[in-house]
Amino acid sequence: MTSRRDVLALLGFAPWLAHAQQRRVYRVGVLETTSLRLNAEDFDRFRKGMEERGYVEGPSLVILYRSAEGQTERFDELAAELVKQKVDLILTRGTPATLAARRATATIPIVMAAVADPVESKLAASLARPGGNVTGLTTASAELVSKRLELLKALAPKMTRVAAYANLANVAAAATWKDVEAAARAMGLEALLLDVRTPERIAPAFAEAVRQGAQGLVVGIETLSQSNRNAIVELAAQHRLPAMYSAREFVEAGGLMSYGVSYPDLYYRAAGFADRILKGASPAELAIERPLKFAFAINRRTAKALDIVIPPDILLRADWAIG
């Protein structure tokens, strides 16, 4: 029996058919903590990774970017909106966004660009076999806490009390706070919790840290801190608190230093997950990957303003020395 495809081929439509098959347009929803403007460097790396695999915005890719703009409570609404848009895949950043995406759908694949601990937060059964519709990359945040405190102590050697900025409404931040407590104790430091869940609490939290005698500060990265990084950096400077951040953008905004994963690299690698899934791979069977690249940045101008002398060995270890 002659198929419809064979008839069309005989009539000279074969090139058109091949072209049509190649022109499938995939729809990728993005559930983000901040605006595209603030997230440009990271997201450009995702775009690059997709382009290298043949997905170009317009001809073969539509990206629907949705940002909570620092308001964690918006994630459920935005995730539901993406599901209604019938996206082929959802890219997320952070534990609250990923949990919201999974609440919204059990069938659309979800790729995490960066999540602290997907097993602890019950997003995956294990790193090796996630077992659901969620896979991607972990930042392994707990493992970096001791390193951050060590570097902060090197620049503030007289520090005995360190304040930890965290939003305990985020399950990942709550787990990280326990790691900060343990790491601080091991270094002979007292850790003070700054539980900041709304923008209005940021300034009072800094005042409380100073009142309690904090001599240093560690700032985690999540929806609220990302969206208010300029205010956080300015308050640290105002209260003359040496601060360690989790990502370089805080240092570029004037923060003292940061140590953490390379978020641009995670976003680039997330494109590989998206490609495999769009080609038919099951997220349940794609192992969650750990970070491969880390970055240490120092702002020399900020150090000078705080009368901090950066030890030469610390400066040599920096991937970026700003200012």
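Data for the structure
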item: Filter result for Leu224 (open to solvent by less than 20 Å² (accessible area, probe 1.4 Å) and outside any helix (DSSP H, G or I)); result: no
item: Qualifying positions in the stretch 39-55 - modelled with pLDDT under 95 and either over 14 Å from the mean Cα position of the chain (by Cα) or open to solvent by 60 Å² or more (accessible area, probe 1.4 Å) (or both); result: Glu41
item: Qualifying helices (runs of 4 or more DSSP H) (wholly inside the stretch 250-323; at least 2 residues being under 21 Å from Asp42 (Cα atoms) and either of a type in the set (A, V, I, L, M) or over 20 Å from the mean Cα position of the chain (by Cα) (or both)); result: 263-278
item: Scan of the stretch 279-293 for residues that are buried (at least 21 other Cβ atoms within 10 Å of the Cβ) and touching a Leu at 6+ places or on another chain (Cβ under 7 Å), ordered by number; result: Ile288
item: First in the stretch 198-212 and more than 16 Å from Met159 (Cβ to Cβ), second anywhere and among the polar types (S, T, N, Q), Cβ under 7 Å, 6 or more apart; result: Pro199/Asn228; Ile202/Asn228
item: Matching residues in the stretch 29-61 - criterion: being in a strand (DSSP E or B), of a type outside the set (Val, Ile, Thr) and over 18 Å from Asn228 (Cβ atoms); result: Gly29, Leu31, Glu57, Leu61
item: From the options Leu123, Leu61, residue that is hydrophobic (A, V, I, L, M, F, W, C) and more than 25 Å from Leu38 (Cα to Cα); result: Leu123
item: Residue within the stretch 235-244 that is small (Gly, Ala, Ser), more than 17 Å from the chain's Cα centre (by Cα) and within 19 Å of Thr176 (Cβ to Cβ) present; result: yes
item: Residue within the stretch 294-311 that is out of contact with any strand residue (DSSP E or B) (no Cβ under 9 Å at 6 or more places or on another chain), acidic (Asp, Glu) and either open to solvent by 20 Å² or more (accessible area, probe 1.4 Å) or modelled with pLDDT under 95 (or both) present; result: yes
item: Residue match in the stretch 200-216 (condition: surrounded by 21 or more Cβ atoms within 10 Å (Cβ to Cβ) and under 20 Å from Ser121 (Cβ atoms)); result: no
item: Selection from the stretch 139-166 of residues that are over 16 Å from Ala209 (Cβ atoms) and small (Gly, Ala, Ser); result: Ala140, Ser141, Ala142, Ser146, Ala154
item: Any chance Ala106 is more than 23 Å from Gln226 (Cα to Cα), free of Cβ contacts under 8 Å to residues at least 12 places away in the same chain and among the aliphatic types (A, V, I, L, M); result: no
item: Residues located in the stretch 175-199, provided they are open to solvent by 60 Å² or more (accessible area, probe 1.4 Å), part of a loop (DSSP other than H, G, I, E, B) and either within 26 Å of Pro96 (Cα to Cα) or in contact with a Pro (Cβ under 9 Å, 6 or more places away or on another chain) (or both); result: Arg197
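The values are calculated or read from the model by the stated rules, or taken from the named source; none is laboratory data. None of these values were measured; they are calculated from a predicted model. Quick reminder, even Gly has a Cβ in these numbers, built from the backbone with ideal geometry, and neighbours come from all protein chains shown. Heads up: the accessible areas ignore ligands, DNA and RNA and are worked out on the full protein's heavy atoms, side chains in. Shrake-Rupley method; radii C 1.70, N 1.55, O 1.52, S 1.80 Å.
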